[in-house]
Structure formats: structure tokens, C-alpha cells
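The values are calculated or read from the model by the stated rules, or taken from the named source; none is laboratory data. This one's a predicted model, so the numbers in the text were calculated from it and none came from an experiment. With ideal geometry, Cβ positions are generated from the backbone for all residues, glycine too; neighbour counts draw on all protein chains shown. Side chains are part of the model used for accessible areas, which takes the heavy atoms of the whole protein and leaves out ligands, DNA and RNA. Shrake-Rupley method; radii C 1.70, N 1.55, O 1.52, S 1.80 Å.
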Amino acid sequence: MGKIIEIRDLRVEAKTDSGRVVEIIKGVDLSVADGEIVALIGESGSGKTTIALTLLGHTRPGCAITGGEVVVAGRDTVTMSEAQKRALRGTEVAYVPQSAAAAFNPSKTIMDQVVEVAKIHHLMPLPEARKKAVELFKALALPEPETIGQRYPHQVSGGQLQRLSAAMALIGDPKVMVFDEPTTALDVTTQIEVLRAFKSVMRERGMAGIYVSHDLAVVAQIADRIVVLKGGEVQEVGTAETIINQPTHSYTKALIEAFHPKGRDPDARPESAEPQPILKVSGLTAGYGAVGSDGLPKFVILKDIDLELERGRSLGVIGESGSGKSTLARVIAGLLPAAKGSVAMDGVSLGQRTKDRSKEELRKLQIVFQLADTALNPNKPVGAIVARPLAFYHGMGGREREAEVDRLLDMVRLPKALRHRLPSELSGGQKQRINFARALAARPELILCDEITSALDTVVAAAILELLDELQRELGLTYMFISHDLSTVEAVCDRVAVMYRGEKVEEMPTSRMQSGAEHPYSKLLIASVPKLDTGWLDGLHQNPAISEGMNRA
Amino acid sequence: MNALIARLVAKRLGIMLISLLIVAFAVFFATELLPGDVAQILLGQSATPEAVAGLRKAMHLDQPAFLRFLYWLGGLMTGDLGRSYANNREVADLIAGRLANSLELAFVTTLFSVPIALTLGITAAMFRGSTYDRLVSVFTVSVISIPEFMVATLAVLVFAVYLKWLPALSVANDVHGLGELLRIYAMPVITLSFVVSAQMIRMTRAAVIDTLDTAYVEMALLKGASRRRIVLKHALPNALGPIVNAMALSLSYLLGGVIIVETIFNYPGVAKLMVDAVSTRDLPLIQSCAMIFCVSYLLLILIADLVAIMANPRLRNQ
Amino acid sequence: MTITNPGRKGRFGWHMNAVGIIGAAIILFWMVVAIAAPWISPYPVGKIVDFDYYGPMSSQFWLGTDYLGRDMLSRVLMGARYTVGISLAAVTLACFVGVTLGMIAAVIGGWFDPVLSRFLDALNSIPSLMFGLVVVASVGSSMTVLVLTIAVLYAPGSYRFARALAVNVNAMDFVTVARARGEGTIYTIREEIFPNIIGPVLADFGLRFVFIVLLLSGLSFLGLGVQPPNADWGALVRENIGSLSFGAPAVIVPSIAIASLTISVNMLIDNLPRRIRDRSD
């Protein structure tokens, strides 16, 4: 078999804001055979997207290729002229972006954008291109293939847009497809359809491809070989089977280990004589927009939710985007008033808004957000961020407060020296620890964690989860853990509640999650989480939960 | 889709009317502050106190200001702008000719400056960071930074005094043919075009650059689109809203903001009429001029809003 | 120019490029002149010192003389006081009011925000020079009137700008966290919002200062600004416009003074110092 892609000793440099030059790709070698799909896997900053883009002769602003060659179908893209690169893009190599929602021009119809490659490169007359596009829509299992092209990007769903972007890439019959995290922004149940569509199209046409992802389980379904990257260097290369079952490199091992959560041992926790509920949510209905005559807001997000949290335990709340899980956290925290129902803490009903609650009530309940980047004031040093709740709730000042900040940093396993840094100078994991330390500074009893590991790399997220677990044991904290990621919830929660379109459809102990779910949606959701098994996707059609759930949805 | 646009237009019109009411209120009471007894001024120093009192009564000047505001507003609604205090002519007649002059000047300047501003703004964005871009930036910053009377005097110095190509003053009533017309308008148009287009170039460039940083522009690049295609077909349609808005703001300046240019070139427009009205304490005239400026501003903003809505499929058909 | 701290790893400090430094230097120069004018002027401003009018530059009168034979250097130096002083006072007042109201509107929201926004938008539709004209004509021109009028004219724009920025910051999670913690409006504005909008607000302050200098010069050029025998730069141009045809320094110098101030402010805004905290670890 011939090699369609040959990357030899590729080096890419990037310029930081202050003008310092950093090498971000440090001599990478890589090859892809005809009809083969190779996955590039690694955490953010590993250089996987940068490498993939060099196949199209493109580097992001501020980056430049400084050495090596990238040979695609016998020609080196590094030495090509701009005109040659333009001729290559879309016809020889095509790109499927991470977020199709952002990659479609909002002011043009989908069809115009799908056939644009044919138009730019004069591949075929427009009517023919449109016909071909409809064929591709059919092949990618898109609904209403004849008319979907007349719509604008905002009029179709995220999963459909992602498949449409594949159609946009396939129209020029490229030799190589570059997929850049194409399912990262999708919900798991949508991800399955998209992955299936991609896989069948690629298999049918026998095309070669590069699949960039941070998710090992997703990659295992679609790639023949896997390249593990870290810090701009190749760590390990092997077939999907080998990498998953016999990893040799320590980083690969850590990746795979992070995938297998230790699981909860409910007996390890001190069993109290009788369960004490710390938080009780009853009949909660809430939403946004003007309140109508029926007392309900215009857009109802939460419908009649009942929940109970036991002291010292963790409750996971899972659901896909739009299920209302984050709204639930906001209502409990007093950031959004409920239309109906009540939230009670230790048996006492809490005020609707933060201003109706006592300082003591506010202190006991803290909330930690998903994106540590936006959750920390970029203009305040870490020390000041952590110190504020100490002053606010406990009236601490001077030396006492300084010492307490040190203790809190230590508690989240960060060096004391970090207190003078600004949030922008920390890594993602460090920021999330600070975020958590700020909540701990209040000395809370209940912490609402809203997707706190979703934006982190697998290995980093696993470490954070471990920390949460330890702190719960040490401090007797109660967590409400909101996530779309089931494995996260499995790792830290005792019980799990499944949310679907604003309703709680089911609640069960985490240990029973894989086998004991009863509601069809919970079954579908749980079955949709990719497994570290190369045959998982292909075996799915035999899974009754998937076919049944898909039909209902 | 049309019903939706109709609703949007109705809503914007409603907002515009409320704004106009606020402005009318502000203008009326600001002019009320003007010193001097109008009746006394009109009749001159030699008038008897009885005559003055009689005129005051006839002009409702003896009634509370708020009532007079309502009278005035009622007049405006029915197209009655009142009579000028200074020469007892209908304000509408006084304004009509001047407004036509002003609109003419504004129209010619628009024709001249908008294409230039668009071209320079878009091309500067296209070649961001190049020498060309820097030159355009230096030019726009300089023009924005120097006072209008300097632009005007520089233009006079260069074209009228030094080159002797053009007359320094405009007199619009002895026009013979197109060439004459161009010569007469040239100085004010050149000056105003400089002033107005600098702001437009800056905003156009910024708006296009904003859209050039988006994911869909990178996608177009990765489809093999040329730079020209990327800018014209992908970036520009999405930058249209902010660009049109900037144009509207700049062009609104062409009616009310041109006092200095009209003064320097002795151009008989509305702005100059208003300056003269201020010096003669001619309240109805001042109020009417001010309202004309506000209406034109609000109309331009309305048009810009509508263009932005039409250009955005998200707002257009939902 | 980079001020770095060599004791630590990586590069820290503030960096500013040459254009920005030149801009800052010119602004600083005019500031100093505005403060020190009475002590450094060679002649009293109102005194006729030369028999000739529109005199050329000479060793005795560095910048020539004006239409009455007064020393131009002294008049330009004192003019800086009016131009810089009035503009600075007006822009400070306008931005203080605008930014404060903008942040309050963004944080409180509710009915307060749309009502205030609509009202200030309407005010914005009045052409500024027109409004200035009417007010100055009605109540007469004094320093206080000029400052207040200009501040009223420019506060709505500043409000709009600050509000848009504050609305964005207000939507960030760290503000939500502060709110969930139970922090009050004043703390939220002072500690969470303001530090995060101060950069753009300062740039806007500079831009607004330029517009105000131009407006003030325009008013004075029309004879409605600073009144004789005092004169700001705009008034100096007006007084000496007669010498335009033979290019006497009396009309050119104040024009250059205005341009140098406004252009240098623009140069500074476009090249504001950047804070560098680049750790190599």
C-alpha cells in the first residue's frame, strides 16, 4: 500500500504575546497509508490540530513552519506557493471543523456553502454540484436531503450541521479528509449518529483520513492507527487495538487509566445512623422570560423537580445540553427565582434570591462553575480571589487571613507561591483548583459543581475528581455534581439523577447505572457513552436501548 | 417573513417617535432658556408696554411653558412650524430653500465619500498590517484628529489660493451647467468628504477585521477560497450591519454638523440658518432646525437598523 | 521600552512601542505647559508688544506676533491652559458620570437600564455643535458653561460604551459567583466590573478627549467658546484667520498645536503600554 501522507521531522514555531518564540511542534514524523484513518490524540496544547492543519498548507496566525516536510499525495505542502495551496485545499485535502456551528457562514444558505468548493475550483457545473450535494446528504443520513440545503445554518441542529460540514468536505472528492475534533461539541446521543455517518462514508469510499481528538474512546471506533501526542512530540504509535490494550508509554497509560474510574465504594463512607437530608428540592418549576397569567415564565426550563441530598454524599445530575441541569443549580443557588416549588436546606426553606437569604445560608451553599477561565476575575491575583470569602463570611483579616489562604492552597494541592499570580498565568487544572479553593474558603457544607471537569483534559480532570473525593472524606462535604459526562459522575457520585427536557426522569444509585436504568432515555444516554473498545460502535445496532431510544427521540 | 419585518419596522418607528418626543422636549426647554423677552425684541425698544403685552398674549407667551410646549408640538404635528420672529415669515418657507441646499450638499458628499470609504476600509482590512494599511491608518487618524476648520482652510490654501483651480466661496444661485456646479460644490464637498470618510474608513476596517477572525472565514480559506473571495463573499456580508451603522452615524453629521464648513465657504444651508437664528433669538426657527437635524439622524439610524436586519438571516427569517 | 525585572524567570513589566512613547511625551509636554504657562510666558498675554502685526518669527518673538502685535508664543502657551484645561475637565466629568451610570445600569438591569438607555440615546441624536451653540448663545459663554455643556454632550456616548462593556463582564461566571456569595452592588461594580473594563474605558476617555478638543476649538472658531481677551487655540485661529493667505505663524502655530495634541492622544491610544507577564516555565 502506498503512503498518501508522509510527514517528516515537522517543526512549527509560535510567537507568544510578548514576542517570545516557542517551538510547538518538535520534529514530528507521521505517515498515513491509502485508505487508512489515523487518529492524532493528545491534550490541549499537544499540537494535534496544528499538525492536521499543515496538511492543508495552513498555520494559524502567529505560527510558522520552520522545518521538515509534509508530503500529501506526492507533493510537499511546506514549499508550495499560495496559489498551489489554494488548489490543494478542498480538492486533495478537505477539512471537517470542530464546531460546525461556527464554521458555517451565518449569512449564506447551507447549499451555497456546500457547493462552494466545486465553484471555487471549477470542478463541475453548479446544478451537478447541487445534485451531488443532495446525494451526500442522503449518504450522511440527513433528514429532508432534498431541501435541507435551502436552510440557513441557524435553522438546523448541531449534529446535522456537523454532518453537513462533512458533506461540504466530500463534495470535491478529496483524497484525504482531516477531521478536527468533529464530535467534541455534540451530546453523546448525537455523537453516535455523526460517528456512524462518518465511518460509513469513509469506509465506502476507501478514503484516507486524519482524525484529531482528545477522546480515546471515540477514536477507537473510527481509527485504524493511533498516534499519541504530548507537548508537540509523538509519544507512541500503534494500531487502535494495541494502544488501547497494551499501551507502553506512561502518558498513554495515564490516559487509559483516567478512563477507568475507580468507582464508588459506598461502604467506605461512614454510615450515619439515619440519612440526614441537607438539601430538599420539591416541586421546583423555573424558567426565563416574562411571567404569564398562569404564573409560569415564558420559557419553562425546569418542570416539577424533586430532589433530596444526603449529608456527606454526592448526587450526580446528568443530562444533555438543554436538559435544564445548569438551571437547576442556578435556582438552588438563588441566582434565578423559581416559579413554583421550594428549596430547603437543613429543613429550613431558602429565599428565592440571594438577597433574601442570610449570610449563613449563603455560606453553607457554594457553587463552582465549569469554565475556570471565566469564573476567576482575570485582574485579581489568586491570593485575593481565595481571600475574599474569608473576609466576607468570616470577617478575617491580616495575618490570619494570609495563613488561611496558604492552608486552602495546600488543601487543593497547589504551591503557596501561586498566590501572587494572575489567573491567566495558571494552567486549566490549576485554575479549577483555585475555583474550588474559593468555594472551600467559605467553609461550606454543600457545593454545587456545574460541569467542573468538562473543559479539562482527561488526565487533569481525573486528578481533580480524586481531590474532590479526598476533600469530601476529610471535610464531610456534600456535592451536587452536574455533568453531561457519565464517567465523571460514576467516579464521584453515590446516586445519580437523569434529566431530560427539564424533567427528572429517573434516579438510582450509581452502582446500578449500567444495568438498572429503567427509563428509555436513561438507557439510551448510558448506552451512548463510547466504550474503550474498537468494536463498540459497530456492535451498537444490537443494543436495544439505542435503537429504542433513537426511535423515541 | 414580511409580517415580521413589518412588526420590526413598527417597533423601531415607535422607539423613534418616543426619542423624538424626548428631543422635542429638550429642544423646546433649551431654547426657552434664551435670554430676552421675545415680544420686546420683536417690537423694538420704542414699543409701548401695552403693545408688548398684547403681543405676548397673542403669542401665548403669558401662558406656562408646558402649555406652550403642547401648542408647539401640536403645530409640528400639523406641519405648522410657526412664524419666524425675526422677519415674520413662515418658518417652513425659510427652511425649505436652505434644506434643499443642505440636502444637495449632503447628497453629493455621500455619493463621493461612501464608495471611497468602503473601498479604502475594505482593502485596508484585506491587507491588514501591510504598508498600505498603515498609510490608510495614518491618514484616517490625522483627519479625525485635526479640526474641521483646519481641513477646510488647508483645502482653500491648496486648491483656491495655491493652485487657483477652484473658487473659495460657494454661491449656489448662478450655476451654468454641470462644470460650474462641480466647481461650486468642490471645496465644501472635498472638505466634508475628508471629515466624514475618515470615520467611515476606520469603522469599516474594524468591522471587516472582526469577521475575518471568525471560524467560518478560516473554513473558507481551507476550502481553497482566494483572499478576494473570502473578504467579499464571506466577511463582508456579515460585517454589513456594523458598517451601515457607522455610515449612518457619519452621514447624519452632514446636516447638523456642517456649521463650520457652511460658515467658512459661505454656503447657504440649514446649519448656517440656525446659527443666524441663534444670533437673532428666533425661537421657532431654532426649534424647527433642531427638530430637522434630529429627525434626519433618527431616520438614518432606522434605515441602518433595517439594513442590518435584512442582511442577517437570523433576524430576517425565524 | 521594556521595564523588566531580571530577578525572576521570564519577562515581566510594561512594554510600549516608540509611537506610543512619542504620543505620551507630547501629551505630557502640553500638560506641563498648561500648568506652567503663566510662569514661562515671555510677555503678558494681552500686551501689545510689537508695532507690526502678523510679525514673522524672530529671536524676540519666537512665534511671531498676532493681528494686534501681541506675542504669539505667550498666547499659545496660555491657550494651552484653556484648551487642555476645559477639555480635560469636561471629559473627566462626562466619563465619570457616563461610566458610573453605565456600570450601574448593567449590574442592576430591571427597568432602570432600558429607561436610562433610551433617554440617553435620544440625547445623543442632537448634533453636538448645535446643542453647544444654543446653550452658549442662551446663557453666555463662561468656563463653567462650556465644561458643563460639553460634559452633557459626551456623557451619553461614554455611558453607552461603558454599559456595553459592563454588560459583557456582568455575564461572566466570576460575577455570578460574587452574586451567589451575596456581595452587594457596590462591591460588584468596584471590584469585579470596573477593573475589567478600565483598559477600554481609558482608551475611550482619550478618544472622547480628542473629540472635545475639536468641538471646543470649533466653538471658539465660531466665536462661541472662550471669549476675548482670553483665547484658547481655536479662538487664536479665528482671531488670526486674516493672515491665512500669506501664511503667517499667527494662524499656523495654534493649528499645529491643536493637531499635535489630538494626534498624539490618538497615537497613545493605539499604542497603549502592554503588561508583560510571560513565564517561561
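Amide H neighbours of C:Val226 under 5 Å, counting only residues 5+ apart in sequence or on other chains, H built in-plane at 1.01 Å?
Counting only residues 5 or more places away or on other chains, the set is C:Ser220, C:Asp232.
Heavy atoms of the protein only, probe of 1.4 Å, neighbouring chains included. What is the accessible area of B:Met291 in Å², nearest 10?
Looks like 20 Å² after rounding.
Per-residue Cβ counts within 10 Å, from other chains only, averaged over C:179-190: what number is that? Could the numbers behind the result be given before it?
Numbers: counts 7, 15, 15, 13, 4, 1, 1, 0, 2, 0, 0, 0.
That works out to 5 on average.
Would you work out which of A:Val529, B:Gly14, A:Ile447 lies farthest towards the positive end of the dipole of the protein assembly as shown? Charges go on Cβ: Lys and Arg +1, Asp and Glu -1.
Projecting each Cα onto the dipole axis, the largest value belongs to B:Gly14.
If you average the sequence gap of Cα pairs under 8 Å that are 6 or more apart and divide by the length of chain A, what percent do you get for the contact order?
Working: 1075 pairs, mean separation 77.9, N = 553.
For chain A, the relative contact order is 14 percent.
Apply the Karplus curve 6.51 cos²θ - 1.76 cosθ + 1.60, θ = phi - 60°, to the phi angles in the stretch A:186-202 and return the couplings in whole Hz, x for Gly and Pro.
In residue order, the calculated couplings are 9, 6, 4, 5, 6, 4, 4, 4, 5, 4, 4, 4, 4, 5, 5, 5, 5 Hz.
What per residue convex hull volume, in Å³, do the alpha-carbon atoms of the stretch A:435-553 yield? Walk me through the intermediate numbers first.
Details: hull volume 14.8 nm³, N = 119.
For the stretch A:435-553, the hull spanned by Cα atoms encloses 125 Å³ per residue.
Rounded to the nearest Å, what's the spacing between the alpha carbon centres of the stretch B:245-318 and the stretch A:90-117? Just the number, please.
Each part reduced to its Cα centre gives a spacing of 42 Å.
Accessible area per residue, 1.4 Å probe, Å², for the protein assembly as shown: what's the number? Write down the numbers at each step before the final one.
Details: 49050 Å² over 1152 residues.
Accessible area per residue: 43 Å².
Considering only DSSP beta bridges with both partners in chain A, what is the antiparallel share in %, to the nearest 5?
Among the beta bridges of chain A, antiparallel pairing accounts for roughly 55 percent.
So what J values fall out for the stretch A:483-495 if you push phi through Karplus, 6.51 cos²θ - 1.76 cosθ + 1.60 with θ = phi - 60°, rounded to Hz, Gly and Pro as x?
Listing the rounded values in order: 7, 9, 9, 5, 5, 4, 4, 4, 6, 10, 10, 8, 10 Hz.
Would you mind giving the mean number of other chain beta-carbons within 10 Å of the Cβ of each residue in C:254-266, as a whole number? Provide the component values of the computation, followed by the final result.
Details: counts 1, 6, 2, 0, 5, 5, 2, 1, 6, 6, 1, 1, 6.
If you average over the peptide's residues, the count of other-chain Cβ atoms is 3.
Mind pulling the per residue volume of the convex hull built on the Cα atoms of the stretch C:188-240? Å³ is fine. Intermediate results must be reported in sequence, preceding the final value.
Working: hull volume 4.5 nm³, N = 53.
Dividing the Cα hull volume of the stretch C:188-240 by its residues yields 85 Å³.
Round to a whole angstrom and tell me the spacing of the C-alpha centers of the stretch C:192-246 and the stretch A:29-72.
55 Å
Can you give me the three principal axis dimensions of chain C from its C-alpha atoms, in Å, biggest first?
On the principal axes, chain C reaches 75, 56, 30 Å in Cα extent.
Can you return the lysines within cross-link range of A:Lys138? Criterion is Cα-Cα under 25 Å, with same-chain partners fewer than 8 residues away left out.
A:Lys108, A:Lys119, A:Lys175, A:Lys199, B:Lys223
Using the Karplus equation 6.51 cos²θ - 1.76 cosθ + 1.60 (θ = phi - 60°), what ³J(HN,Hα) coupling, rounded to whole Hz, does each residue of the stretch A:246-257 give in order, writing x for Gly and Pro?
10, x, 10, 6, 5, 5, 4, 4, 4, 4, 6, 5
Out of residues 5 or more away from C:Gly55 or on other chains, whose amide H comes under 5 Å of its own, with H placed 1.01 Å from N in the peptide plane?
Those lying under 5 Å, H to H, from C:Gly55 are C:Thr65, C:Asp66.
In the stretch B:207-223, which residues give up 40 Å² or more of accessible area once the other protein chains are added, compared with their chain alone (1.4 Å probe)?
Residues meeting the cut-off: B:Tyr216, B:Glu218, B:Met219, B:Leu221, B:Leu222, B:Lys223.
Looking at the stretch C:62-220, what % of the alpha carbon pairs are farther apart than 18 Å?
Numbers: 8034 of 12561 pairs.
Tail fraction, whole percent: 64.
With the calculation restricted to Cα positions, what are the radius of gyration and Dmax of the protein assembly as shown in angstrom?
Over the protein assembly as shown's Cα set, Rg and Dmax evaluate to 35.0, 113 Å.
Counting each DSSP H run of 4 or more residues in chain C as -39500 (n - 2.57), what helix-only mean residue ellipticity at 222 nm follows after dividing by all residues, to the nearest 500 deg cm²/dmol? Don't skip to the end; give the middle numbers.
Working: 9 runs with 179 residues, N = 281.
Computed mean residue ellipticity for chain C: -22000 deg cm²/dmol.
What is the Rg over Rh value, at two decimals, for the stretch C:119-192, using alpha-carbon atoms and the Kirkwood definition of Rh? Numbers along the way, then the final one.
On the way: Rg = 18.0 Å, Rh = 14.8 Å.
Ratio value, two decimals: 1.21.
Suppose accessible area is computed on protein heavy atoms with a 1.4 Å probe; arrange C:Tyr67, A:Tyr521 from highest to lowest.
Per-residue accessible area, sorted high to low, gives C:Tyr67, A:Tyr521.
Pop out the Kirkwood hydrodynamic radius of chain B from its pairwise C-alpha distances, inverse of mean 1/r, in Å to one decimal.
Details: mean 1/r = 0.0442 Å⁻¹.
Taking every pair of different Cα atoms in chain B, averaging 1/r and inverting gives 22.6 Å.
Please work out the ratio of the alpha-carbon Rg of the stretch A:145-256 to 2.2 N^0.38 Å and round it to two decimals.
On the way: Rg = 15.8 Å, N = 112, 2.2 N^0.38 = 13.2 Å.
So the Cα radius of gyration is 1.20 times the expected 2.2 N^0.38 Å.
Under the rule of -39500 (n - 2.57) per DSSP H run of 4 or more residues, summed and divided by the residues of chain A, what mean residue ellipticity at 222 nm is obtained, to the nearest 500 deg cm²/dmol?
Calculated mean residue ellipticity at 222 nm is -10500 deg cm²/dmol.
Taking the stretch A:290-434, how much of its Cα-Cα pair set, in percent, is spaced more than 18 angstrom apart?
On the way: 7010 of 10440 pairs.
In whole percent, the share of Cα-Cα pairs in the stretch A:290-434 beyond 18 Å is 67.
For the pair C:Tyr67 and B:Ala47, what calculated FRET efficiency results from E = 1/(1 + (r/R0)^6), where r is the Cβ-Cβ distance and R0 = 51 Å, to the nearest 0.05?
Values: r = 40 Å, r/R0 = 0.78.
About 0.80, to the nearest 0.05.
Give me the accessible area buried between chains C and B, both sides summed, with a 1.4 Å probe, in Å² rounded to the nearest 100.
Separately minus together, C and B give about 3000 Å² buried.
Based on Cβ point charges of +1 for Lys and Arg and -1 for Asp and Glu, what charge dipole magnitude is obtained for the protein assembly as shown about its Cα centre, in debye rounded to the nearest 20? Provide the component values of the computation, followed by the final result.
On the way: 109 positive and 105 negative charges, 205 e Å.
Charge dipole of the protein assembly as shown: 980 debye, to the nearest 20.
Could you tell me how far the Cα centroid of the stretch A:398-469 sits from the Cα centroid of the stretch A:285-346, in Å?
For the stretch A:285-346 versus the stretch A:398-469, the Cα centre distance is 27 Å.
Please find the FRET efficiency linking B:Ser137 to C:Arg274, where r is the Cβ-Cβ separation and R0 is fixed at 22 Å, and quote it to the nearest 0.05.
Numbers: r = 19 Å, r/R0 = 0.85.
E between B:Ser137 and C:Arg274, to the nearest 0.05, is 0.75.
Can you list the aspartates and glutamates whose alpha carbon is less than 17 Å from that of A:Lys303, not counting same-chain residues fewer than 8 positions off?
Qualifying aspartates and glutamates at Cα under 17 Å: A:Asp294, A:Glu320, A:Glu503, A:Glu506, A:Glu507.
Just give me a number: lysine pairs in the stretch A:322-422, eight or more positions apart or cross-chain, with C-alpha atoms less than 20 Å apart.
Values: A:Lys325/A:Lys340; A:Lys340/A:Lys355; A:Lys355/A:Lys364; A:Lys380/A:Lys416.
Taking the stretch A:322-422 as the scope, the lysine pair count is 4.
Based on the alpha carbon coordinates of the stretch A:48-174, what radius of gyration and maximum Cα-Cα distance (Dmax) apply, in Å?
Taking only Cα atoms of the stretch A:48-174, I get Rg and Dmax of 15.5, 47 Å.
Please determine, in degrees from 0 to 90 and to the nearest 10, the orientation of helix A:398-411 with respect to the longest principal axis defined by the Cα atoms of chain A, where the helix direction is its Cα long axis.
50 degrees
How big is Rg to Rh over chain A, alpha-carbon atoms, Rh as the Kirkwood inverse-mean-distance radius?
On the way: Rg = 25.4 Å, Rh = 25.6 Å.
Taking Rh as the inverse mean 1/r over Cα pairs, Rg/Rh reads 0.99.
Farthest toward the dipole's positive end in the protein assembly as shown, which of B:Ala160, A:Ser323, A:Met396, given Cβ charges of +1 (Lys, Arg) and -1 (Asp, Glu) about the Cα centre?
Selected residue: B:Ala160.
What number results when the radius of gyration of the stretch A:102-173, computed over Cα atoms, is divided by 2.2 N^0.38 Å?
Values: Rg = 10.9 Å, N = 72, 2.2 N^0.38 = 11.2 Å.
Against the empirical 2.2 N^0.38 Å value, I get 0.97 for the stretch A:102-173.
Taking the Cα centre of the stretch C:18-277 as origin, sum charge times position over the Cβ atoms of Lys and Arg (+1) and Asp and Glu (-1), and report the length of that vector in debye to the nearest 20. Before the final figure, lay out each step's value.
Working: 15 positive and 14 negative charges, 82 e Å.
My answer is approximately 400 debye.
Rounded to the nearest 20 debye, what is the charge dipole size of chain B about its Cα centre when +1 sits on each Lys and Arg Cβ and -1 on each Asp and Glu Cβ?
Numbers: 24 positive and 19 negative charges, 271 e Å.
It works out to roughly 1300 debye.
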